[in-house]
Amino acid sequence: MGSVEYFAHLRRGDYVIDTGEHFIKRSQRNRTVILSANGPLALTVNVEHANTPRRPMRDVRIDYSKRWQHQHWVSIVSAYRSAPYFDHYAPQIEPFYRREWRYLLDYNMEYTATLLRMLGITAPLHVSDQYVEAAEGDTDLRPRHNEGPTVDVEPYIQVFSDRMPFVAGLSVLDLIMCEGPAAIDVVSGR
């Protein structure tokens, strides 16, 4: 579940998803952040052999030996069940916490495609099977660790806005659950 900022870049359409990039442990490739009642909560998809150097993203396998899917789903339900659009969108994301995918890339690509559909974005994802070297002037969305893409996102009303100030850098799921069909306006910068 990429961040709102990441989806703002996808919305622009000038990108390539690099399946040949190297997996980097503790990066956003298998992590996301949602907003819980206690503040930002990181969710991590466990992967096998996370320390293997120079492993292409397309070869990273998901580890189901721990109950991360159950933890994620319970956290999402707890965080967003009172969000205005939870009941509408929950059936579309629940399968990502019930079914098993072998590879992290397949999971990420299907989840991203689902989130794009939820936003109303119908453009296909641009994918490269080979490592893509970023050219000068390109926006490289492959941060080395936990830095994310930088885009100014207009604040929107979040589930816990009565208790805490606006939190930027969250998963686009937060925006979708809170704004529903209007989420595309935030992603588009309107």
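Computed from the coordinates by the stated procedures, all read-outs in this text should not be read as laboratory data. What you are looking at is a predicted structure, and each value in this text was computed from that prediction instead of being measured. Reconstructed Cβ throughout: ideal geometry from the backbone, glycine too, with neighbour counts over all protein chains shown.
Of note:
- Neighbour net charge for residue 99 - beta-carbon separation under 12 angstrom, K R +1, D E -1: -2
- Nearest-0.05 FRET efficiency for residue 113 and residue 49, computed from C-beta distance (R0 30 Å): 0.70
- For the range 81-126, the extents of the C-alpha atoms along the principal axes are 32, 26, 11 Å, listed from largest to smallest.
- Peptides 115-128, 71-84, ordered by how many other C-beta atoms sit within 10 Å of their residues on average, highest first, read 71-84, 115-128.
- In Å, descending, principal axis extents of the Cα set of the range 24-108: 42, 26, 19
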